[in-house]
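J.: Sharing a structure below in C-alpha cells format, with a few things to ask.
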Amino acid sequence: MDLPVGNTEVIAKKIKDLTGGDLFEINTVKSYPADYTETTKVAKDELRKNARPELTFKVKNIDDYDVIYLGYPNWWGTFPMAVFTFLEEYNLSGKTIIPFCTHEGSGIGRSESDIKKLCPDAKVLPGIAIWGGTVAGADNFVENWLKKLV
Ligand SMILES: Cc1cc2nc3c(=O)[nH]c(=O)nc-3n(C[C@H](O)[C@H](O)[C@H](O)COP(=O)(O)O)c2cc1C
C-alpha cells in the first residue's frame, strides 16, 4: 500500500524499541505499482511463478544475530515472495526466527509453515498476526507477546 509508513513497519519499530535490536527493511529492486489492486495482481503472478524478486540490500553480518524478528504483510496467504528471497539468501540454521504479520483478515496464514520449510534448521517461535488497521493501538499486545516469548 502507498502509505508513508507501512503497517508492518509500525510493528517492526515497536519491536525494535522494546528489544533494542537492529532494524533492516526487506526491499525489492523492482518497485510495486502505486495502485493497491495492481500490486495484488503483480503479487499473485509472482506467487504463481514462485518468483524470487531481487533485494536491494544484504545484511553483511547476519552471523552476529541469533534471533530474527521477521515481519511481513500477508500477501495471498503467506509473505511476499521477496521474503522467500530473503530466507533463501542466508544460512539461518540454528537461529531463532520470530514471525509477525499484518493482514486484512487472513491472519498469519501459511507463513509460519513456509518459514519452517525454507529454514528447516532454524527454531521458529509462535508468531503474531495483527490486523493492519489496528497497528497504531497494538503496543500492549506486542509487549505482552514479547514478554511471553522470553
Ligand atoms: C499484494 C497484496 C496481497 C494481500 N493479500 C492479503 C491476503 O491474502 N490476506 C489478508 O488478510 N490481507 C492481504 N493483504 C493486505 C495486507 O496484508 C495488509 O494491508 C498489511 O497490513 C499491509 O502491510 P504493509 O502496510 O506493511 O504493506 C494483501 C495486500 C497486498 C498489497
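Conditions (1) more than 9 Å from the ligand (Cβ to nearest atom); (2) touching a residue at least 24 places away in the same chain (Cβ under 8 Å), marked per residue:
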site: Ala12; (1), (2): no, yes
site: Gly20; (1), (2): yes, no
site: Leu23; (1), (2): yes, no
site: Asn50; (1), (2): yes, yes
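J.: Just to be sure I understand the filter: pairs with C-beta atoms under 7 Å, separated by 6 or more residues or on different chains, first member in the range 135-150 and within 14 Å of Thr19 (Cα to Cα), second member of a type in the set (Lys, Arg). Which pairs pass?
T.: Matching pairs, first to second residue: Asp139/Lys14; Val142/Lys14.
J.: Could you check the range 31-52 and list, in sequence order, the residues that are touching a Pro at 6+ places or on another chain (Cβ under 9 Å) and either over 21 Å from Glu104 (Cα atoms) or of a type in the set (Val, Ile, Thr) (or both)?
T.: If the condition is that a residue be touching a Pro at 6+ places or on another chain (Cβ under 9 Å) and either over 21 Å from Glu104 (Cα atoms) or of a type in the set (Val, Ile, Thr) (or both), then Thr39, Val42 are the ones that fit.
J.: With (1) near the ligand (Cβ under 10 Å from one of its atoms); (2) in contact (Cβ under 8 Å) with a residue 12 or more places away in the chain as the list, and Thr37 as the residue in question, which single condition is left unmet?
T.: Failed condition: (2).
J.: Tell me the residue from Lys95, Lys147 that is under 25 Å from Thr56 (Cβ atoms) and basic (Lys, Arg), please. Lay out the reasoning, then the answer.
T.: Details: Lys147 fails: under 25 Å from Thr56 (Cβ atoms).
Going through Lys95, Lys147 in turn, the sole match is Lys95.
J.: Mind checking which residues of the range 83-100 are touching a Lys or Arg at 6+ places or on another chain (Cβ under 8 Å), buried (at least 20 other Cβ atoms within 10 Å of the Cβ) and closer than 23 Å to Tyr36 by Cα?
T.: Listed by number, the list holds a single entry, Phe84.
J.: Considering (1) out of contact with any Ser or Thr (no Cβ under 8 Å at 6 or more places or on another chain); (2) of a type in the set (A, V, I, L, M); (3) over 20 Å from Val142 (Cβ atoms), say which one Val5 fails and leave the rest.
T.: Only one criterion in (1) out of contact with any Ser or Thr (no Cβ under 8 Å at 6 or more places or on another chain); (2) of a type in the set (A, V, I, L, M); (3) over 20 Å from Val142 (Cβ atoms) is unmet by Val5, namely (3).
J.: Out of all the residues in the range 94-150, which are farther than 14 Å from Phe79 by Cβ, of a type in the set (Asp, Glu) and touching a Ser or Thr at 6+ places or on another chain (Cβ under 7 Å)?
T.: Answer for the range 94-150, where residues must be farther than 14 Å from Phe79 by Cβ, of a type in the set (Asp, Glu) and touching a Ser or Thr at 6+ places or on another chain (Cβ under 7 Å): just Asp121.
J.: Of the numbered conditions (1) more than 17 Å from the chain's Cα centre (by Cα); (2) assigned to a loop (DSSP other than H, G, I, E, B), Phe24 satisfies every one except a single condition; which is it?
T.: All conditions pass for Phe24, except number (1).
J.: Follow-up. Looking only at the range 43-66, which residues are under 18 Å from the mean Cα position of the chain (by Cα) and assigned to a helix (DSSP H, G or I)? Spell out the reasoning first.
T.: So the first thing to find is which residues in the range 43-66 are under 18 Å from the mean Cα position of the chain (by Cα), and the list is 43-44, 46-47, 50-59, 62, 65-66.
Matches in the range 43-66: Ala43, Lys44, Glu46, Leu47, Ile62.
J.: Go through Gly105, Gly94 for me and flag whichever is at pLDDT 95 or above and within 15 Å of the ligand (Cβ to nearest atom). Give the derivation first.
T.: Values: Gly94 fails: within 15 Å of the ligand (Cβ to nearest atom).
Only one candidate qualifies: Gly105.
J.: Name the residue that is most open to solvent (accessible area, probe 1.4 Å), counting only residues in the range 120-145 that are in a strand (DSSP E or B) and farther than 21 Å from Lys95 by Cβ.
T.: Quick first cut of the range 120-145, residues in a strand (DSSP E or B) only: 123-124, 128-131.
Then drop every residue that is not farther than 21 Å from Lys95 by Cβ, which leaves 129-131.
On the way: Ala129: 39, Ile130: 7, Trp131: 124 Å².
Within the range 120-145, the match that is most open to solvent (accessible area, probe 1.4 Å) is Trp131.
J.: Follow-up question, since we're still on this one. Look through Lys117, Lys148 and report the one residue that is at pLDDT below 95 and either away from the ligand (no atom under 14 Å from the Cβ) or assigned to a helix (DSSP H, G or I) (or both). It would help to see each step written out before you state the result.
T.: Numbers: Lys117 fails: at pLDDT below 95.
Criteria check complete, one pass: Lys148.
The values are calculated or read from the model by the stated rules, or taken from the named source; none is laboratory data. For clarity, every value in this text was computed on a predicted model and none was experimentally measured. Neighbour counts are summed over all protein chains in view; Cβ atoms, including those assigned to glycine, are modelled from backbone coordinates with ideal geometry. What goes into the accessible areas is simple: the full protein's heavy atoms, side chains included, and nothing from ligands, DNA or RNA. Shrake-Rupley method; radii C 1.70, N 1.55, O 1.52, S 1.80 Å.
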